[in-house]
1. Write down the Kirkwood hydrodynamic radius of the chain, to one decimal in angstroms, obtained as one divided by the mean of 1/r over all alpha carbon pairs.
2. On a 0 to 90 degree scale, rounded to 10, what angle separates helix 255-270 from the longest Cα axis of the chain?
3. Roughly what angle does helix 202-214 make with the longest principal axis of the chain, taking Cα atoms, 0 to 90 degrees, to the nearest 10?
4. Name all residues of the stretch 60-85 having a backbone nitrogen under 18 Å from the label point set 7 Å from the Cα of residue 181 along its Cα→Cβ direction, giving them as ranges.
5. Among DSSP beta bridges whose residues both lie in the stretch 66-199, state the antiparallel percentage, nearest 5.
6. Between residue 55 and residue 102, how many nm apart are label points set 7 Å from Cα along the C-beta direction?
7. Å³ per residue of the Cα convex hull, for the stretch 185-266?
8. Considering all projection directions equally, how large on average is the shadow of the alpha-carbon convex hull of the stretch 205-315, in square nanometres?
């Protein structure tokens, strides 16, 4: 297949590109300002396409002759995300879907997350609902993008696929490497109240995306996560012990939005990235547990790493 990967220079997009490079597919790797973090000089099946997803006129050529799009691209770690997330989370999908439909693209895979349904728990799991009311701008705009894509594909030849992935972990994943650095320097803290998270090992995530590309019957919304959700606090304690570090500090809940505001203010003044934002804290404090039964039936019947206990070897 001819596959367009947006955000190919980003973290997860680059992992997928490297996963697919040895295979039979023809890859078109979409980048904007950043360069690819790996070389494709010896990969005859890959090419780089440079375009701005905010510019609809630049996307026709990117989508030309493409059979499948996997959309990762967005903006993270910038201050005041409420000012740009509608443009990057929703507008990018609108622009790309319009170009894809005009070019006759057969499948559009949107990478999302189960937080779009709002707070969910082991006894009340996220499914495939589109009527959620999440409290973070990131989740609100991603939900709007899901709704737009599914509606835009109605009565067309383009199949929409939404993969709502759990928190992805593995060596080289940005959030995991940030946690490693913070734990090493005794700087990582977490709130005391338990927050449920559904994890997904990086290899299983890449296998799920590959299946979504190649399986002809896949369509609609899939929650992609492992078999054993756990609390964020237990997850951080477990990886700290695995790496031989002390557990993260337990701090009052109210302290974290203040920390996010401080990071954003500093980044705005210095013109740098903001590793923490108030909206990131807001989404991180929401419990998220997904119903993965459809994934098991149609996409990924068996996980290589069904729990954190089996996946710690990846760290």
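Here, each number is a calculation from the coordinates, and none is a lab measurement. Fair warning: this is a prediction, and the values are worked out from it, not measured in the lab. Neighbour counts are summed over all protein chains in view; Cβ atoms, including those assigned to glycine, are modelled from backbone coordinates with ideal geometry.
1. 20.1 Å
2. On a 0 to 90 degree scale, this one is about 60.
3. 20 degrees
4. Within reach of a label on residue 181: 76-79.
5. The antiparallel proportion sits near 10 percent.
6. With each label point 7 Å from Cα toward Cβ, the separation is 1.4 nm.
7. Values: hull volume 13.1 nm³, N = 82.
Dividing the Cα hull volume of the stretch 185-266 by its residue count gives 159 Å³.
8. With the hull built on Cα positions only, its mean projection is 9.5 nm².
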